[in-house]
1. Can you pull the percent of the range 464-534's accessible area that's carbon plus sulfur, 1.4 Å probe, other chains left in place?
2. About the Cα centre, and with charges only on the beta carbon of Lys, Arg (+1) and Asp, Glu (-1), how big is the dipole of the range 78-187? Nearest 20 debye, please.
3. When you have a sec, figure out the Kirkwood radius of the chain from all distinct Cα pair distances and drop it here in Å to one decimal?
4. How large is the helix-only mean residue ellipticity at 222 nm for the chain, computed as the sum of -39500 (n - 2.57) over DSSP H runs with n ≥ 4, divided by its residue count, in deg cm²/dmol to the nearest 500?
5. Share of the range 74-136's accessible area from carbon and sulfur, percent, 1.4 Å?
6. Would you mind getting the accessible area per residue of the range 464-534, heavy atoms of the protein chains only, 1.4 Å probe, in Å²?
7. Positive end of the dipole of the chain, charges at C-beta (+1 Lys, Arg; -1 Asp, Glu), about the Cα centre: which of 428, 128, 380 has its Cα farthest in that direction?
8. Placing +1 on the Cβ of each Lys and Arg and -1 on the Cβ of each Asp and Glu in the chain, which of 23, 293, 357 has its Cα farthest towards the positive end of the resulting dipole?
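The values are calculated or read from the model by the stated rules, or taken from the named source; none is laboratory data. Remember, it's a predicted structure, so these values are computed and weren't measured experimentally. Please note: Cβ atoms are built from the backbone with ideal geometry, for glycine as well, and neighbour counts cover all protein chains shown. The area values use the complete protein model at the heavy-atom level, side chains included, leaving out ligands, DNA and RNA. Shrake-Rupley method; radii C 1.70, N 1.55, O 1.52, S 1.80 Å.
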Amino acid sequence: MKSLPWWKEAVIYQIYPRSFFDSNGDGEGDLPGITSKLNYVQQLGVDAIWLSPFYTSPNKDGGYDVADPRNVDPRFGSLEDAKELISSAHQLKLKVIADIVPNHFSDQHEWFQAALLAGPGSPERARFHFHDANPDGTPPNNWISLFGGPSWTRVDDGQYYLHLFDSSQPDLNWDNADVHEDFEKTLRFWLDLGVDGFRIDVAHGLVKENVLEHHHDPQSLSNALRLDYPMEPEERNELLLSVPYFDRQGVHEIYRKWRKIFDSYGDREIMAVAEAWVHPPINATKYVRADELHQVFNFDLLTAPFDAAYLFEVINRSIELNSTVDALPTWALSNHDSPRVASRIGDDQSRALAFFVLALPGSNYIFAGQELGLPDGELSDHDRQDPSFIRSNGLIKGRDGARVPLPWSGDISPFGFTTGKPWLPLSQSWKNFTVEHENSDPHSLLNLFRSALSIRRKHLLESQQIEWIESPSHGARGGSILAFKRAAITVVMNLSGEGMDVEFPGEVLFASSGPVQVNVSKKHVPARSCIWISN
Ligand code: GLC
Ligand code: CA
């Protein structure tokens, strides 16, 4: 078997640093906390960790408001702690992916502070999108921020600046050479410190066009662009086709330049994954052309219903579209921006789907806590901190539910996460979701994840092809069973509410519902579950 670059078929564990593990009792997770739990991560059997931002930040948007991209925020530790984390991870053979946020800075970044002082027409303002007000004093256009409210904020001298997200996140102007230069410096800074790749935040947003034009329905567009906003797929896709500020051709030039930087690190096999939620889906593949980035996130499964026809279509489409540019797809069921999958589609369903997609070709991104089956935290409005909650006056509940810290041990909240008061409360009902509890139960989701990852590594990776053997358009039980073969494994998911028997030959290796029956010719697939059979 020819060996693939490490990232082609990786399982990547996403850590939201603030919520992972608190090493010093201040109630917030930090870098030393992550380092101290790397053994746990390694024993899961993943290949890499992706760290959400830990840079200097006023933390108005969970660190995605970066005030100094080449330093560590004191709440998370120091640069020394970052080095320590990276080298400990490498000792355990875990790759490290950092998050880079090139669409905007924090308003506390020195460039933005200088731009405020320097005034209209200055080179300092040219690094952002400052424009004069309309003659009647209104903002330059009617765009609505992705977090609600206008996309423009007025400064004292009457000009407005553009922010697609919070008013504390001014968008950068990628027509400006300083911006290019500064980000290239940041990439090299972290690469030189040892990271193995980047997740590129809002990768499709950097280049703006038509910044002065209005949109015909800016409020619905802003809703459509939020993963936590439920909307009919047809309506969402229609709106996504009309986004004036995303997916402009110019972004690809930037990634071609970045690719040269990554490749200049030679056999370190540096990779980058784009957060680019674009429509139509074929456009996503442009980000992974041979001279651009390595992967692009696939958002389909973050909003998909547990429905055979729907899943069959989006999974196939992703495999096929990526193959046109010789790339493999990526899969994710949860992240820090969307409701946790167990809460969104249900406990059994989320387990079944997790093991179904783990067997697919390409890379899997697992949001820390998903391996425990964690649901969203139960929060009161009083606890919420997401800027979208604040900017919408509570109309949008926001993403805090998915960001509640992880339960590690013991019987009472905060379950070993901190010795202090956690920044978001952990639900008292989580006592059966702790790492300690699941470690001791051989059939826990945690232990199933470990087995599945080890089987995946041993038996699945030799082939990057799948062959469907049962699907809505193929097979007798239309709508209830999805099944495919890959390498020596047959993967079967029963989406219905009733158990079913299948007669595929081989031995059941693994079942998302728990214990397996060995060596039987008729295999029982419980309701809403997934089994792996070795041929
Ligand atoms: C991305 C991040 C999200 C953040 C936004 C603005 O979508 O995943 O958490 O709020 O960008 O940076
Ligand atoms: Ca801490």
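1. Its accessible area is 48 percent carbon and sulfur atoms.
2. So the magnitude is around 380 debye.
3. 24.0 Å
4. Taken over the chain, the calculation gives -7500 deg cm²/dmol.
5. Heavy-atom surface of the range 74-136 belonging to carbon and sulfur, 1.4 Å probe: 51 percent.
6. Counting only protein heavy atoms, the per-residue value for the range 464-534 is 43 Å².
7. Sorting the options by dipole projection puts first 428.
8. It is 357, whose Cα lies furthest towards the positive end.
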